[in-house]
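A short write-up of the structure that comes next.
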Amino acid sequence: MKRVLYPDGSVERVEYRDPPQTAEEAQAFEKYRDLSPLELMRRLRTAEWNLDVARRGHAQWKEIAQRTADELAQAERKLAAITPPGWELPKTVRDLLEHAEDHGWRSAVAWTPHGADEMRLSIVIGRDTSPSDEPARGTQWRYKLTWSCVPGSARRAGAGIARTPSRPSWHDAPSVRQIRELIQAHPFPGGSA
């Protein structure tokens, strides 16, 4: 129970109705029983300060972990783009990438082992829309294609997926010939997209 005295002389009685202490709480609070209210407040203040420091440290470590994960992902992308020894880009893929880059489009390549003597070659070609493009619902062209490569040959694995300004949601990609025609019809003005 606590009494509150107001400046006008009135007194208000405030009652606390805490549930009874459990045996575990009683044991935990035993070490605080003989402390003065001032010492209890000091310990509470120290605990709050420690919690604040721990939260800030947690946020900093979270930021460091995110930055490290981003750096790792970037390194993995760079590593995947290196053509493994004994393999080479299929002519169709090489020509498509050169055609895209000649027209200012960006591209990325990733090699992934698939089985004992097979590799998956994934490419992404695309560019963002520019102010000189016709107005559309979407803001980018993206083509993601995959080839299944074995020594001496390569075949396209599935249709691939595409995203275009006129169809901004992912859908089946057109043929390589049609992609080349679209790139030719929509070069990126002023260089690399």
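The values are calculated or read from the model by the stated rules, or taken from the named source; none is laboratory data. Predicted model only: the values in this text are computed from it and were never measured. Positions of Cβ are generated from backbone atoms using ideal geometry, with glycine treated the same way; all protein chains shown enter the neighbour counts. Areas reflect the complete protein model, heavy atoms only, side chains present, ligands, DNA and RNA absent. Shrake-Rupley method; radii C 1.70, N 1.55, O 1.52, S 1.80 Å.
Based on the Cβ-Cβ distance from T83 to V53, what FRET efficiency comes out when R0 is 41 Å, to the nearest 0.05?
Details: r = 49 Å, r/R0 = 1.20.
The computed FRET efficiency comes out at 0.25.
Rounded to a whole number, what % of the accessible area of the chain do carbon and sulfur atoms account for, probe 1.4 Å?
The C+S portion of the solvent-accessible surface of the chain is 54 percent.
Can you tell me the convex hull volume per residue for segment 1-110, based on C-alpha atoms, in Å³ to the nearest whole number?
Normalising the Cα hull of segment 1-110 by residue number yields 314 Å³.
Roughly how many Å² of K62 are accessible to a 1.4 Å probe, to the nearest 10?
Accessible area of K62: about 140 Å².
So, counting K/R as plus one and D/E as minus one, what does the shell of residues with Cβ under 15 Å around H171 add up to?
Spelling it out: positives minus negatives among the neighbours equals +4.
What is the projected area of the convex hull of the Cα atoms of the chain, averaged over all directions, in nm²? Intermediate values should be presented prior to the final figure.
Details: hull surface 100.0 nm².
That works out to 25.0 nm², a quarter of the Cα hull's surface.
Label S130 and D8 with points 7 Å out from Cα along Cα→Cβ: what is the distance between them in nm?
Roughly 7.6 nm, to one decimal.
Determine the principal axes of the Cα atoms in segment 127-193, then give the extent along each, sorted from largest to smallest and rounded to whole angstroms.
44, 25, 16
Would you mind working out the accessible area per residue for segment 93-163, using a 1.4 Å probe, and quoting it in Å²?
Heavy-atom SASA per residue in segment 93-163 reads 52 Å².
To the nearest 10 Å², what's S107's accessible area with a 1.4 Å probe?
Here the residue's solvent-accessible area equals roughly 40 Å².
Quick one: if the Förster radius is 41 Å, what FRET efficiency do R17 and E63 give, using the C-beta to C-beta distance and rounding to 0.05?
After rounding, the FRET efficiency stands at 0.40.
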